[in-house]
1. Scan the range B:35-59 residue by residue and report those that are more than 16 Å from ligand 2 (Cβ to nearest atom) and touching a Lys or Arg at 6+ places or on another chain (Cβ under 7 Å).
2. Could you list, in sequence order, all residues of the range B:260-274 that are open to solvent by 20 Å² or more (accessible area, probe 1.4 Å) and in contact (Cβ under 8 Å) with a residue 40 or more places away in the chain?
3. Can we say B:A133 is more than 10 Å from chain A (Cβ to nearest Cβ), within 16 Å of ligand 1 (Cβ to nearest atom) and of a type in the set (G, A, S)?
4. Condition (residue is away from every other protein chain (no Cβ under 13 Å) and aliphatic (A, V, I, L, M)) applied to the range B:164-171: is it met by at least one residue?
5. When the range A:74-91 is examined, which residues are found to be buried (at least 17 other Cβ atoms within 10 Å of the Cβ), in a helix (DSSP H, G or I) and free of Cβ contacts under 8 Å to residues at least 40 places away in the same chain?
6. Evaluate the following for B:L194: is it more than 14 Å from chain A (Cβ to nearest Cβ), touching a residue at least 60 places away in the same chain (Cβ under 8 Å) and within 16 Å of ligand 1 (Cβ to nearest atom)?
7. Give all pairs with beta carbons closer than 8 Å in which a residue from the range B:76-103 that is open to solvent by less than 10 Å² (accessible area, probe 1.4 Å) meets a residue that is of a type in the set (F, W, Y); count only pairs at least 6 apart in sequence or on separate chains.
Amino acid sequence: MSAELNATSASVAGAAGAAANRTGATAGGTASTLQPILGSPISRFFSDGWVTTWRNLMKIIRVPEILLFTMIQPIMFVLLFTYVFGAAIEIPGDGYESFLMAGIFAQTVVFGSTYSGSAMAQDLKDGIIDRFRTLPMSGAAVLVGRTNGDLAINALSMVVMMATGFLVGWRVNSSPLEFFAGVALLLLFAYAFSWVMAFLGMAVKSPEVINNASFLILFPLTFISNAFVPTEELPTPLRIFSEWNPVSALVQSARELFGNVPPGAIVGDAWTAQNPFATVLIGVAVMLLVFVPLSIRKFATLSR
Amino acid sequence: MAFIEARDLVKTYTPKGAPVVRALDGLDLDVAQGTVTALLGPNGAGKTTTVKVLTTLIQPDSGTATIDDVDVLRDPDRVRRMIGASGQYAAVDENLTGFENLMMVGKLYHLGAKVAKQRARELIEMFDLVDAANRPVKGFSGGMRRRIDLAGALVINPPVLFLDEPTTGLDPRSRLALWDIIESLVSGGTTVLLTTQYLEEADRLADAISVIDNGRVIAKGTADELKASVGGQRVAVTLVSERDAVPLRDIMSRFGAGAPVEGGGGRTWVVPVDNGPVALSAIVGAAAEQNIALHDAGMRRPTLDDVFLQLTGHAAEQADETEGEAA
Ligand SMILES: Nc1ncnc2c1ncn2[C@@H]1O[C@H](COP(=O)(O)OP(=O)(O)OP(=O)(O)O)[C@@H](O)[C@H]1O
Ligand SMILES: [Mg+2]
C-alpha cells in the first residue's frame, strides 16, 4: 500500500495502512491495537486527573473572556464597596477597606465555584462527557479536573483581589502563616463547594439554568451574612440567618486570620458564629463527604 | 457466540408528562468478528440507543450484551479498553486544537505521551486535517469536527469500532475517504458496527444489515438477501408536479403487484410489479390518458431503498407522529 499523502481518497486509505504499519502492525498490513501502559490504578487516576485539569486550564487560556470577567467582577466589587459604602459604613479600627476584603474574597471564590456547575452541564451538552465515558479512564478524574479548574481560577482571582485591596488601603495585621492559612481556608471552602456545583450541573443538565439558579441562591447567601456589613444591627430574622450562614463563618475565619476583625466587634450567640473555624471545616467535610461520592456516581450514568 | 452479541435489549424513557417511549423493545443483534454490520432504520428507530448501550454509555432496563465474551453491562471498563466510538454528534473539546483533542484521547487511553502524540499526527494525516490541526476546533466546519471525532474513535486502532451515522455531514470526498478507511480497517481485522441513513453506504460497506424500527430488528441479512426478500421488479415513476400524486398512485396500484410507496422527494413513486414491461407501458399509458405529466418512468431491480421503504414505510410515519407529539 502506498503511503503517499495527497487529498485523494485512495491515498487516504493508503495512509491508514501506513499508519497501522508505523504503530506496530503485523505483516500484510493488519493493524494491531495500541496497548496501554498499565500503571497502578492510582497512577492512572493521577494521570487522568492531570489531563482533564490541563484541558480546563487550556480553556482558561483560550477563552480569555472567562478570566477577564472573573477578574473584573471582584475588582469592581472592591472599588464599589470601598468608595460607595465605605463612606456610609462606620467600622472602628482600620476602617471599612480592611473589614470588607475578607467578605469580597469569600463572595468571589464562592461564585467562582459555580463555574463547575455550568461547565459540567456544558460538557454534557457538547458530548465530550460521552467521549470520556467510552474511554478506559477514571470518571472521578474528570470531576477532579473540573474542580481543579475552578481552584486555578479562584487562586488567580484571589491574587488580583489582594493586589486591588492593597491599593485601596487593605492591610494584613497577622503573621505570614496566619495569612496563608486564611487564603488556604477560602480556597478550600470554594473547592468543596465546586463539588456541590458539579453535582448540580450534572443533575440539572442545562448551563443556563444552573447559572441563573446559582445567582438566586448565592446572592442571598453572600449578602445576608457578615461579608459586607456588621450584622449586629440587622433585623432579627436576618441576623439569625446571618449567624448560622456558613459564609459568615468563612468570612469571620478569614477576617481573624488576616487580623482584620474590628476592635470591639460583637460576635453572635449562635454556635456557628462562636466557632467559625470549626464551622468552616465541618462545612468543607460535609460537602466533600456527601458530594464527591454523589458526583462520581452521577457521572457514571451520565449521557447526552 | 457472536463477537458482538445483544439479546432482548429493552430501554424505556419516561419523558415528563408524556407516555413511555420504548426506545429499545427486545432488540437482538449479532455481529461476526472482522465484519461490518449496518443498523438501518428511520428516525427514532433506536439506532443511537443501541450504540449507546454497546459503548457502555447507558444501561438497558433489561437484556444482555457482550463483546468478545466480555459482559458490556457488568464489565464496562474492559469493554472500553477495546472499543473506539464516535457518536451521532461530534464530541470534541471546542477550545483544544484538533491535534490536542487527539493527543488527549490517546493519553486517556494511557498510551503514554510519545505514542499518543505520534498517533495523533498519523490520524490528522489520515483524515486530511493537516492544515487545520493546530487551530482550536471552535473554528472548524461541521465536517471537520466530525472528522476529528471519527479520528478520536481510531486512536488505539481498536478491534471494535462503533460509528453512529459516521458520514452524516461529510462532503462526498470525505465520505469516500472514510469508506476507504473503514474498508482498510476491516481488511485488517477490525469489527465495525455502524448506523446510517444512507442506503448506498450500507450497500457498499456492510457485510450484514439489520433493519430496525420501533426498537426491534424487523429484518436482517446481506444487502442482496434483503433485496431479494422484497422480490421482483419495480416500476418507478417521477411526476412533473407533486399534485398528481393521488391519481398516479391509483394507477400504480391498479397495475402493480403491491402498494406503491413514495420513493423520495414527494414526486417519485415506486411499485412492485409482476411483469415489468407490461406494467410499465400500462402505467405510462394510463397516465397519458389522464393528462398526468411524467418526468421519468422506468423499470428497476429492487434497491435497498425499496427494502427500507417496504419494511419501514408505514412505521416511519408513525415514528414521525410520536416525535411530533413529544416535541
Ligand atoms: N434521553 C431520552 N429521553 C427521552 N427519550 C429518548 C431519549 N433518548 C432517546 N429517546 C427516544 O428513544 C427513541 C429512539 O431514539 P434513538 O436516538 O435511538 O433513535 P435513532 O434511531 O438513533 O434516530 P435518529 O435516526 O433520529 O438518530 C426515540 O423515540 C427517542 O425519542
Ligand atoms: Mg441516532
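The values are calculated or read from the model by the stated rules, or taken from the named source; none is laboratory data. Given the structure is predicted, the values throughout are model-derived calculations rather than measurements. Positions of Cβ are backbone-derived with ideal geometry, glycine not excepted, and every protein chain shown enters the neighbour counts. Side chains are part of the model used for accessible areas, which takes the heavy atoms of the whole protein and leaves out ligands, DNA and RNA. Shrake-Rupley method; radii C 1.70, N 1.55, O 1.52, S 1.80 Å.
1. The one that is more than 16 Å from ligand 2 (Cβ to nearest atom) and touching a Lys or Arg at 6+ places or on another chain (Cβ under 7 Å): B:T56.
2. If the condition is that a residue be open to solvent by 20 Å² or more (accessible area, probe 1.4 Å) and in contact (Cβ under 8 Å) with a residue 40 or more places away in the chain, then B:V261, B:E262, B:G263, B:G264, B:P272, B:D274 are the ones that fit.
3. Considered against the rule, which asks whether it is more than 10 Å from chain A (Cβ to nearest Cβ), within 16 Å of ligand 1 (Cβ to nearest atom) and of a type in the set (G, A, S), B:A133 comes out as no.
4. The answer is no; no qualifying residue exists.
5. If the condition is that a residue be buried (at least 17 other Cβ atoms within 10 Å of the Cβ), in a helix (DSSP H, G or I) and free of Cβ contacts under 8 Å to residues at least 40 places away in the same chain, then A:F77 is the only one that fits.
6. yes
7. Close Cβ pairs satisfying both conditions: B:I83/B:F162; B:G84/B:F162; B:S86/B:F162; B:G98/B:F140.
Let's see how each residue does on (1) among the hydroxyl-bearing types (S, T, Y); (2) open to solvent by 30 Å² or more (accessible area, probe 1.4 Å); (3) within 16 Å of ligand 2 (Cβ to nearest atom); (4) not assigned by the TED database to the domain that holds B:T37:
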{"position": "B:L161", "(1), (2), (3), (4)": "no, no, no, no"}
{"position": "B:T167", "(1), (2), (3), (4)": "yes, no, yes, no"}
{"position": "B:S174", "(1), (2), (3), (4)": "yes, no, no, no"}
{"position": "B:A177", "(1), (2), (3), (4)": "no, no, no, no"}
{"position": "B:L194", "(1), (2), (3), (4)": "no, no, yes, no"}
{"position": "B:Y198", "(1), (2), (3), (4)": "yes, yes, yes, no"}
